[in-house]
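Participant: Please find one structure pasted underneath; my questions will follow.
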Amino acid sequence: MPPIETLSADAAEAALPDLAALLHACVLDGASIGFVLPFTLSEAEGFWRDGLPALRSGARRLLVARDGTRVVASAQVGLAGPPNGRHRAEITKVLVHPRARRRGLGRALMNEAEAVARAEGRSLLVLDTRSHDAGEALYRSLGYAVTGVVPDYACSPDGVPEPCTFMHKRLPGSAPRSGT
């Protein structure tokens with residue numbers, strides 16, 4: 001199992017081709033992660049490039065796993081929020097390249113995302129996933145509870161509206177940081 005790394009904004013910028021290839025492959029494989037077909041590598045790179053300011057400001061953390069030197073999996077931890085929500089973090093864009101699946105990378109990314117959230121004083125994690133996807137089963141196995149299901153919340157890559165499951169997990173041993 002490759003180690004999970006937290007990329008700085010500069011490292012993420014250097015890894016843009018790999019990150020774009022990862023996102024592109026996942027969308028083409030049917031992942032419902034915010035994009036519809038047709039979806040180009042250029043659009044995938046634009047997504048990552050648009051996220052660099054949040055990495056630079058510390059509002060977001062980018063976790064990756066590599067197969068050798070190539071990024072094959074990623075997850076993001078959103079830390080920004082209004083003053084009354086700084087006890088929580090949002091997990092987004094958990095991606096594992098189709099050729100790298102079934103190796104435990106998603107679980108490893110989620111475990112590291114929880115560690116990052118704890119280190120930042122977060123006591124609650126939230127996420128959403130396409131209902132009945134493999135991701136939902138993974139999150140349940142990690143102790144995430146279903147908050148609710150919204151029908152027709154997001155479109156699949158083919159443009160078909162599908163239900164989305166919203167989930168949460170309290171992080172034991174974490175307490176909100178005062179004043180943040």
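Participant: Using a 1.4 angstrom probe on heavy atoms only, work out the carbon and sulfur share of the accessible area of the chain in %.
Facilitator: Of all accessible area on the chain, carbon and sulfur atoms account for 53 percent.
Participant: Put +1 on the Cβ of every Lys and Arg and -1 on every Asp and Glu Cβ in region 37-150; which of HIS97, ALA80, LEU127 then has its Cα farthest towards the positive end of the dipole?
Facilitator: Sorting the options by dipole projection puts first HIS97.
Participant: Sticking with this one: Positive end of the dipole of the chain, charges at C-beta (+1 Lys, Arg; -1 Asp, Glu), about the Cα centre: which of LEU19, MET110, GLY159 has its Cα farthest in that direction?
Facilitator: MET110
Participant: Among residues other than TYR139 whose Cβ falls under 12 Å from its Cβ, what is the net charge (Lys/Arg +1, Asp/Glu -1)?
Facilitator: It works out to a net charge of 0.
Participant: Might you tell me the accessible area per residue for the chain, computed with a 1.4 Å probe and given in Å²?
Facilitator: Ligands and nucleic acids excluded, the figure is 50 Å² per residue.
Participant: At 0.36 nm per residue, and after removing the present C-alpha to C-alpha distance, how many nm does the segment from ARG56 to ARG99 gain when stretched out fully?
Facilitator: 12.5 nm
Participant: While we're on this one: Return the Rg/Rh ratio of the chain with Cα-based radii and a Kirkwood Rh.
Facilitator: That ratio equals 0.94.
Participant: Please report the net charge: other residues with Cβ closer than 11 Å to the Cβ of PRO157, K and R +1, D and E -1.
Facilitator: -2
Participant: Which residues among region 78-108 fall inside the zone where the amide N is under 14 Å from a point 7 Å beyond the Cα of SER141, along Cα→Cβ?
Facilitator: 101-108
Participant: Oh, and also: Could you tell me how many cubic angstrom of Cα convex hull volume region 1-88 has per residue?
Facilitator: Looking at region 1-88, the number lands at 113 Å³ per residue.
Participant: Continuing with this model, one more query. Using helices alone, I'd like the mean residue ellipticity at 222 nm for the chain: each DSSP H run of four-plus residues gives -39500 (n - 2.57), total over residue count, nearest 500.
Facilitator: Calculated mean residue ellipticity at 222 nm is -10000 deg cm²/dmol.
Participant: Something else: Mind ranking 116-128, 142-154 by how tightly packed they are, going by the mean number of other C-beta atoms within 10 angstrom, highest first?
Facilitator: 116-128, 142-154
Participant: Rounded to the nearest 20 Debye, what is the dipole magnitude of the chain about its Cα centre when Lys and Arg each give +1 and Asp and Glu each give -1 at the C-beta?
Facilitator: The calculation lands at about 720 debye.
The values are calculated or read from the model by the stated rules, or taken from the named source; none is laboratory data. Predicted model only: the values in this text are computed from it and were never measured. Backbone-built Cβ (ideal geometry, glycine too); neighbour counts: all protein chains shown. We work out accessible area using only protein heavy atoms, side chains counted, and drop any ligands, DNA or RNA first. Shrake-Rupley method; radii C 1.70, N 1.55, O 1.52, S 1.80 Å.
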